[in-house]
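Peer 1: Sharing a structure below in structure tokens format, with a few things to ask.
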């Protein structure tokens, strides 16, 4: 597909230029010109008042896609335990399979993991493709991608979903090249086009400033990695049974070119601010470095951690390791308390994606209130103790 | 040793703002920067060069002509050579087509012992291109690398996991994708900046790397953007008021409990 301007119809109104999310359109001699930055998103097609912009199909040789059937979920397991995102993918996969009218399958790799198939059936898989071999005991890109590539080539699924974990995001791109198909990363929404039954994959880009819906029209399978925690988990029914299909797992010397020497688990005693679910952040409105002690009491109560703004770090009140913002860390906790933080744009850049932002500030005109879900105008030294007391009830 | 670093010029997404009235992205005045993870990849290469004199560091990017500015920055940090793959035919590429183009460019540069790339770019956040280049070059790949040690034609690396890391041994040549925990990228030196302007930047188009226009850009991309939109703006927040502080605190806590947040 490509975006084209029908010059006779274009009146040079520049509405397309203003609407373009990629700055790809210029107006030259009162005619819109599509530049290199065009991603074919079609936003301009919709806004053009004179229908002067069209999205053209390319004359690609259309492959026979009808032989591809079934929705597959990559059943990622670590140390014999299925990752939680797999149950979410099975929940979503079930819906997609029902809309297309096809079956839901899981593909399971590992060593001595055949017993996990029952769990996958209980969560809705109708078939489990099983690769059980000592070479697959630990995840390796080469080992997993070899068996899955062969399985996709043989059984031809229509859709393959992977969790966007550190393993799924490693495996899926390699498979996209091996299988010769498209892959959409970190999807937050999947839906089936009611007309052509193809999948539409929606994902955030530009740090969440833009959402893009991606399609994969001419190659199969259609593949996505899906963000953990976004989709609803499948229902559990231990009476559900299914069919296990064993995959070829013959490996030759040199097939697996990386060796996992050790797996190290790090247990961090101090929650890093980028991983914390609850953050209580303080700014210059604290008035004194001792104010952080009060914030810590609230953070401890919630099982979270304390953070700060650049001004406090510059003043020597707090360490840079807990600074949120453009020159600090970007955080997305469940709750972000901004206490005595005015809300400089550089600070907001680092915390605006938090699920819930609660601002406590004396100044009712502080910009922080513009991004807050809940705002309290008041003295934080009175409000925070009252919140702690309320949580203790 | 010859190390090739893949880099991308990206808009600083921290600076991207949404026009509250029109609901569109404001890209004016948004600076273009060297993608942060790619800066870590370059730093890793330069650190190896510091310890092993004679190491050559080559930087390659695919992008519009202005991406040359970013390559000058890489040269000023200490890279030895810079290549810009730039052609209208490369436009609109998804990760599949981008990796095909970069792999074709890398194949033309002989005797590469290691390819380093950032884990992902901040404009797309896909983390796909590095892995896909490795597949096309038939190199083993390790992603999310947060530590690198080179010995006897092998690399021992730490691969970051959600709950720790894996220690992985891989033979050279290989491709590694780097995360920010790997190192702290150096600044450009004054001398480096002066010299960077004297150094040539080699620009290659689709013919130079032996790809037909059908094999790159939008033409070769299996995925296409169906539509893009700005996420619905955050609704106006709610101010919580009351006659006493404990009434306000009580009201806040019950709202959070209602939503099952606490």
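Peer 1: Taking strands (runs of 3 or more DSSP E) that fall entirely within the range B:43-141, which contain at least 1 residues that are farther than 24 Å from residue A:177 by Cβ and in contact (Cβ under 8 Å) with a residue 24 or more places away in the chain?
Peer 2: B:56-62, B:81-85
For (1) in contact with a helix residue (DSSP H, G or I) (Cβ under 9 Å, 6 or more places away or on another chain); (2) at pLDDT below 95; (3) facing another protein chain (nearest Cβ under 9 Å), each residue gets a yes or a no:
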position: B:185; (1), (2), (3): yes, no, no
position: B:189; (1), (2), (3): yes, yes, no
position: B:194; (1), (2), (3): yes, yes, no
position: B:202; (1), (2), (3): no, no, no
position: B:215; (1), (2), (3): yes, yes, no
position: B:225; (1), (2), (3): no, yes, yes
position: B:241; (1), (2), (3): yes, yes, yes
position: B:258; (1), (2), (3): no, yes, no
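Peer 1: Select, from A:27, A:82, A:54, the only residue that is over 26 Å from residue A:224 (Cβ atoms), modelled with pLDDT of 90 or more, away from chain B (no Cβ under 11 Å) and surrounded by 14 or more Cβ atoms within 10 Å (Cβ to Cβ).
Peer 2: A:27
One line per residue, one yes/no per condition, for (1) buried (at least 23 other Cβ atoms within 10 Å of the Cβ); (2) under 27 Å from residue A:260 (Cβ atoms); (3) more than 25 Å from the chain's Cα centre (by Cα):
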| position | (1), (2), (3) |
| --- | --- |
| A:91 | no, no, no |
| A:98 | no, no, no |
| A:126 | no, no, yes |
| A:129 | yes, yes, yes |
| A:133 | no, yes, yes |
| A:139 | no, yes, no |
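Peer 1: Hey, could you check the range B:227-239 for residues that are within 9 Å of chain A (Cβ to nearest Cβ) and in contact with a strand residue (DSSP E or B) (Cβ under 8 Å, 6 or more places away or on another chain) and say which is surrounded by the most Cβ atoms within 10 Å (Cβ to Cβ)?
Peer 2: Here the answer is B:228.
Peer 1: Mind telling me which of the residues B:250, B:210 ends up being out of contact with any strand residue (DSSP E or B) (no Cβ under 8 Å at 6 or more places or on another chain) and surrounded by fewer than 15 Cβ atoms within 10 Å (Cβ to Cβ)?
Peer 2: On inspection, the qualifying residue turns out to be B:210.
Peer 1: Let me ask something else. Just give me the residues in the range B:201-241 being without any contact (Cβ under 8 Å) to a residue 12 or more places away in the chain and assigned to a loop (DSSP other than H, G, I, E, B), in sequence order.
Peer 2: Within the range B:201-241, B:207, B:212, B:231, B:232, B:234, B:235, B:236, B:237, B:241 meet the criteria.
Peer 1: Regarding the range A:4-18, can at least one residue be identified that is in contact with a strand residue (DSSP E or B) (Cβ under 7 Å, 6 or more places away or on another chain), free of Cβ contacts under 8 Å to residues at least 12 places away in the same chain and within 14 Å of chain B (Cβ to nearest Cβ)?
Peer 2: no
Residue-by-condition table, conditions (1) within 22 Å of residue B:98 (Cβ to Cβ); (2) more than 10 Å from chain B (Cβ to nearest Cβ); (3) free of Cβ contacts under 8 Å to residues at least 12 places away in the same chain:
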{"site": "A:110", "(1), (2), (3)": "no, yes, no"}
{"site": "A:117", "(1), (2), (3)": "no, yes, no"}
{"site": "A:136", "(1), (2), (3)": "no, yes, no"}
{"site": "A:139", "(1), (2), (3)": "no, no, no"}
{"site": "A:190", "(1), (2), (3)": "no, yes, no"}
{"site": "A:195", "(1), (2), (3)": "no, yes, yes"}
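Peer 1: Hey, could you check the range A:219-232 for residues that are crowded, with 18+ Cβ neighbours inside 10 Å and over 12 Å from the mean Cα position of the chain (by Cα) and say which is nearest to residue B:130 (Cα to Cα)?
Peer 2: The extreme case among them is A:223.
Peer 1: Here is a further query. Could you list, in sequence order, all residues of the range A:176-185 that are facing chain B (nearest Cβ under 9 Å) and either more than 18 Å from residue B:121 (Cα to Cα) or surrounded by fewer than 21 Cβ atoms within 10 Å (Cβ to Cβ) (or both)?
Peer 2: A:176, A:177, A:178, A:180, A:181, A:182
Peer 1: Can you tell me which residue is modelled with the lowest pLDDT among those in the range A:211-253 that are at the interface with chain B (Cβ under 10 Å from one of its Cβ atoms) and not in a strand (DSSP E or B)?
Peer 2: A:228
Peer 1: Among the candidates A:170, A:132, A:186, which residue alone is in contact with a strand residue (DSSP E or B) (Cβ under 8 Å, 6 or more places away or on another chain) and over 30 Å from residue A:206 (Cβ atoms)?
Peer 2: Result of the check over A:170, A:132, A:186: A:132.
Peer 1: Oh, and also: For the list (1) facing chain B (nearest Cβ under 7 Å); (2) outside any helix (DSSP H, G or I), I need the number of the one condition that residue A:369 fails.
Peer 2: Every listed condition holds for residue A:369 apart from (2).
Peer 1: Step by step: first the residues of the range A:254-283, then only those that are surrounded by fewer than 18 Cβ atoms within 10 Å (Cβ to Cβ) and not in a loop (DSSP other than H, G, I, E, B), then the one that is modelled with the lowest pLDDT. Which residue is that?
Peer 2: A:265
Peer 1: Go through the range A:378-393 and report how many residues are within 7 Å of chain B (Cβ to nearest Cβ) and either touching a strand residue (DSSP E or B) at 6+ places or on another chain (Cβ under 9 Å) or modelled with pLDDT under 90 (or both).
Peer 2: Going through the range A:378-393 one residue at a time, the tally reaches 3.
Peer 1: Report, by residue number, each residue of the range B:104-126 that is in contact with a helix residue (DSSP H, G or I) (Cβ under 7 Å, 6 or more places away or on another chain) and within 17 Å of residue B:222 (Cα to Cα).
Peer 2: B:126
Peer 1: Condition (residue is touching a helix residue (DSSP H, G or I) at 6+ places or on another chain (Cβ under 6 Å) and assigned to a helix (DSSP H, G or I)) applied to the range A:325-346: is it met by at least one residue?
Peer 2: Scanning the range A:325-346, I find no residue that is touching a helix residue (DSSP H, G or I) at 6+ places or on another chain (Cβ under 6 Å) and assigned to a helix (DSSP H, G or I), so the answer is no.
Peer 1: Taking the range B:122-133, which residues are under 13 Å from residue B:38 (Cα atoms) and surrounded by 24 or more Cβ atoms within 10 Å (Cβ to Cβ)?
Peer 2: B:127, B:129, B:130
Peer 1: Could you please find all residues in the range A:333-357 being surrounded by fewer than 24 Cβ atoms within 10 Å (Cβ to Cβ) and either without any contact (Cβ under 8 Å) to a residue 40 or more places away in the chain or farther than 17 Å from residue A:274 by Cβ (or both)?
Peer 2: A:342, A:343, A:344, A:345, A:346, A:348, A:349, A:352, A:355, A:356
Peer 1: Do we have any residue at all in the range A:57-70 that's at pLDDT 90 or above and within 11 Å of another protein chain (Cβ to nearest Cβ)?
Peer 2: The answer is no, given that none of the residues of the range A:57-70 is at pLDDT 90 or above and within 11 Å of another protein chain (Cβ to nearest Cβ).
Peer 1: Next up: Take the conditions assigned by TED's automatic domain parsing to the domain that holds residue A:367 and at pLDDT 90 or above and apply them to residue A:288. Does it pass?
Peer 2: So residue A:288 fits the description; yes.
Peer 1: Among the numbered criteria (1) within 24 Å of residue B:205 (Cα to Cα); (2) within 17 Å of the chain's Cα centre (by Cα), which single criterion is violated by residue B:122?
Peer 2: (1)
Peer 1: While we're looking at this one, here's another question. Search the range A:157-175 for residues being modelled with pLDDT under 95 and facing chain B (nearest Cβ under 7 Å), and hand back the single one that is surrounded by the most Cβ atoms within 10 Å (Cβ to Cβ).
Peer 2: Among them, the one singled out is A:165.
The values are calculated or read from the model by the stated rules, or taken from the named source; none is laboratory data. Values in this document were obtained by computation on a predicted structure and should not be read as measured data. All Cβ positions, even for glycine, are placed from backbone atoms using ideal geometry, and neighbour counts span all protein chains on display.
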